[in-house]
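The values are calculated or read from the model by the stated rules, or taken from the named source; none is laboratory data. Model, not experiment: these values are computed from the prediction. With ideal geometry, Cβ positions are generated from the backbone for all residues, glycine too; neighbour counts draw on all protein chains shown. We work out accessible area using only protein heavy atoms, side chains counted, and drop any ligands, DNA or RNA first. Shrake-Rupley method; radii C 1.70, N 1.55, O 1.52, S 1.80 Å.
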Amino acid sequence: MKYLLPVLLIVLTTCLVYLPAGALAQSPKPSIKDKTAGMDAYKGFFNFYWDAGEGKIWFEIDKLDQEFLYYSSLSSGVGSNDIGLDRGRLGDSRVMEFRRSGPKILFVEKNYGYRAVSDDAEERKAVAQAFAESVLWGFTVTAEEDDKVLVDASDFFLTDAIRVADMIKSARQGNFSVDKSRSAFYMPLTKNFPQNSEIEVTLTFTGGDAGDYLQSVSPDAGAVTVRQHHSFVRLPDNQYTPRELDPRAGYYGIEYMDFATPVDQPITKRFIVRHRLEKKDPSATMSDPVAPIVYYMDPGAPEPIRTALMEGAAWWNQAYEAAGYKNAFQVKLLPPDADPMDVRYNLIQWVHRSTRGWSYGSSIYDPRTGEILKGKVTLGSLRIRQDFLIAAGLVADYEAGKPVSQEMMDMSLQRIRQLAAHEVGHTLGLVHNYASSYNNRASVMDYPHPMVAIGKNGKLDLSQAYADGIGEWDKVAIAYGYQDFPEGMDEKEGLQQIIDGYIAKGLLFISDRDTRAAGGAHPIAHLWDNGTQAADELDRVMEVRKIALENFSEKKIPMGAPMATLEEVLVPVYMFHRYQVEAASKVLGGLYYTYAMRGDRQKVLEMVPADQQQKALEALLATLNPEALAIPEKVLALIPPYPLGYEENPREVFDSRTGITFDPIAAAEAAADFTLGFMLNPERATRMIDFHARNNRMPGFAELVDKLIAATWKAPEEKGYTGEIHRTVNQLVLDHLIALAADEAVSAEARSVATLKVEAIKAYLQSRASGGGDENYQGSVALVLSKIREYENNPESLELNQPVSVPDGSPIGAGEPYLWDKPVMHCGFKSFFK
């Protein structure tokens, strides 16, 4: 054995000596040509290769350390507006680059929220190193040649880039994740273009605890399959000039901190989001553009809707003409040989869902500058049906052998034109202007309620339900964003002239933050309202509603339709006043204000005069009158339970406390609770107390509650049907006051008033305890006194009755959800909402 070890060492050494040269070195990478031999090649912005045998995409990276744009989207959605995963939904735009480190390729998102706009490289470097970047993925080099590398990108593309699972979970529709065994590339929509590369995948999400929304739209709610799209886009050249954002101009924007800014200047820079548009002749009053802005209509929209959508979208050319452009904005039908995925095409897309829902105006834009590269409009196909339903409740007169009223279709198409203009406006960079109705419908960027006139003999007239054409505010906004100033003219001065001009004309601009809160203070910032005085319009709308209810009959549905479906037509008529109620409520404790800048001569703010507040209070109290809340008996006699094969949509009809039968008391409860929720809003209550303390001419919150109690609890007792409504409203008033008094998040001032008024109701009822009344009235008094005692003795454990909610209202014809986290506009900041 002592000789064996040396012999083995000699043998091993000899073997090592005679190994071929380089055998211990790493094998060289194959060339891209060799690796992709036999695969389908897709040539374009980034070349890639489809390996059908393995089901893989091999991605060729020839732009290392070069910036480009990346975003994800859904080309095939879930079909539920409530979940929000619609066909065409866009993810965030990201500035990316590929970086190599040995065999690794890192997919890096640049951080453009913090910059140093400076010629000093060290200054730029200091900022870049101070803030984090994000590596979204890591790839391994498989082949290479020259300055190009090849990576297997399949796992990356098959991830949940648009966060479908998170959105399902946040909508409380279950817990899901990608099932790779049921996911694959979708090659019909995987394409390549000179400016952009597009990869599409089919993703299946599996999980459990699927909610009602998901179950209603999925064949198998345990397996939800969508198609997700990945887009790689060439960034534009550096010839675009960003335009400064002005809060008075009505634009979405980008912002970043520039650490190269002198100390005496603001460090945060803000620029508007807009398309690139230049005059061929900047010195000419009217000039053709260097390149027009062209939007393409989805041919999948049916006629006559398609034509109406194209007409409405084309209204924007009126605004560009007012800004000095000829043929700058155009709308065309998407040609058969054009691909909607191509970044060169701004698209108006017609999307189907299981329920009516919001429409959206989204944009792909350069996060570095705000330049829009592609506008994307998503229009829900059921929206026009909702407008047609509203029109039917107002004027329909269905009879056998008689044509449908053209007035109904005309109103619906009017609304569709306005909707198209609204959503396209978002993709031009514009935000909502909810002061439009105050300025005689001056903007399509408002949410318009149908203006129903009362004609001769009390007949309802829909001919002017919606405005036709672009508004005066829209022309101002487009001028600010797109005006091309001639050489030698100071741009900042020119933009200020545009702002000064609209202020001088009396135009107003108020947007989302000031409009959507239930306790909002601005008396002219409303969704779905009309008129210059909210209280006057509420009185007028209540008269329209009264006429519509009096005229309501079985003729509101076609021959052969189940009588039960009359309720679906009745709901928007019965709640026709809902948005004007919200508008009138903002007059109470209201505050006029503007987005004033120092030196622009706008009035900064002013309390709403006391007489306007009193008028609004009287108009709101009138909506609580039992006669106004009662549905005519002849209408109630027409609505049976739903028949076999039909099922009511709970979002479109009133809840019932009477089982399967229509419940008129519940309908009244829902409408009354809606009004009271705005009147007794905690923020409004506190503001009224504050304003009254500073100016005793202003109505205080105590005065509001006193008048409310006088109009409900202290009003003469009613009998029968209206008596039950009266008692229901009384109970709601008490419940709202108790909730206000018991809520520790509410100001002490508002809670003290609410507490005092609960005691006042108690004292009033105790004084009338032996005052007679029928058994229903006596029972109501006994319940109220018991509830007050329970509140006084144990407020923490008191559980108030949950009132019936009104069926969904928005969207009645326009808009999008309010998303601060996105400019996708729907209606998105990063995703320009409804």
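Just a few scattered comments:
- Volume per residue that the Cα convex hull of segment 480-525 spans, once the total is divided by residue count, Å³: 87 Å³
- For segment 534-562 and segment 572-592, distance of Cα centres in Å: 18 Å
- Rolling a 1.4 Å probe over the protein heavy atoms of segment 586-714, with every protein chain left in place, gives an accessible area that is 55 percent carbon and sulfur.
- Amide H contacts under 5 Å for G471, placed H, 5+ residues apart: V444
- Cut-off 9 Å between beta-carbons: net charge of the residues surrounding V573, Lys and Arg +1, Asp and Glu -1: +2
- Two-decimal ratio, segment 382-430, of alpha-carbon radius of gyration to 2.2 N^0.38 Å: 1.44
- Extending 7 Å from the Cα toward the beta-carbon at both T268 and A596 defines two label points whose distance is 2.1 nm.
- Backbone geometry of segment 700-706 corresponds, through the Karplus equation with coefficients 6.51, -1.76 and 1.60 at θ = phi - 60°, to 3J(HN,Hα) couplings of x, 5, 4, 5, 4, 5, 4 Hz, x marking Gly and Pro.
- For Y325, the amide hydrogen comes within under 5 Å of the amide hydrogens of S287, counting only partners 5 or more places away or on other chains and with H modelled in the peptide plane.
- R0 of 30 Å, Cβ-Cβ distance R657-A223: FRET efficiency to nearest 0.05: 0.20
- Treating each Cα of segment 156-263 as an identical point scatterer and summing with the Debye formula, the log10 of I(q)/I(0) at q = 0.14, 0.17, 0.21, 0.23 Å⁻¹ comes to -0.77, -0.87, -1.05, -1.17.
- Calculated SAXS-style log₁₀ I(q)/I(0) at q = 0.17, 0.26 Å⁻¹ - segment 416-470, Debye, Cα scatterers: -0.56, -1.02
- Taking Lys and Arg as +1 and Asp and Glu as -1, the other residues whose beta-carbon sits under 14 Å from that of D288 total -1.
- Residues in segment 297-303 carry Karplus couplings, in order, of 8, 4, x, x, 6, x, 7 Hz; the curve used is 6.51 cos²θ - 1.76 cosθ + 1.60 with θ = phi - 60°, and Gly or Pro positions show x.
- Hydrodynamic estimate: the Kirkwood radius of the chain over Cα pairs, inserted into Stokes-Einstein at 25 °C and 0.890 mPa s, corresponds to D of 81 µm²/s.
- A straight chain from E775 to L756 at 0.36 nm per residue would run longer than the Cα-Cα distance by 4.0 nm.
- Solvent-accessible area per residue, Å², over the chain with all protein chains present [probe radius 1.4 Å]: 44 Å²
- Between K459 and T241, the contour length at 0.36 nm per residue exceeds the alpha carbon distance by 73.0 nm.
- Full extension of the chain between R768 and K492 gives 92.3 nm of extra length, using 0.36 nm per residue less the Cα-Cα distance.
- Mean separation of Cα pairs under 8 Å and 6 or more residues apart, divided by the residue count, gives segment 177-220 a relative contact order of 40 percent.
- For segment 718-757 versus segment 301-331, the inter-centroid distance based on Cα atoms is 51 Å.
- From the C-alpha gyration tensor of segment 335-450, square roots of 5λ in Å: 32, 20, 10
- In the calculated pair-distance distribution of segment 693-778, the portion above 15 angstrom amounts to 63 percent of the Cα-Cα pairs.
- Between the C-alpha center of segment 119-193 and that of segment 222-286 there is a gap of 24 Å.
- Spacing of the two label points (7 Å from each Cα toward its C-beta) at A748 and R172, in nm: 3.5 nm
- Annotation for M559 and L333: the two label points, set 7 Å from Cα along the Cα-Cβ direction, are 3.5 nm apart.
- Taking amide H positions as modeled 1.01 Å from N, with prolines and chain starts lacking one, the residues under 5 Å from T225 and 5 or more places away or on another chain are F205.
- One compactness figure for segment 215-287 is 1.92, namely its Cα radius of gyration divided by 2.2 N^0.38 Å.
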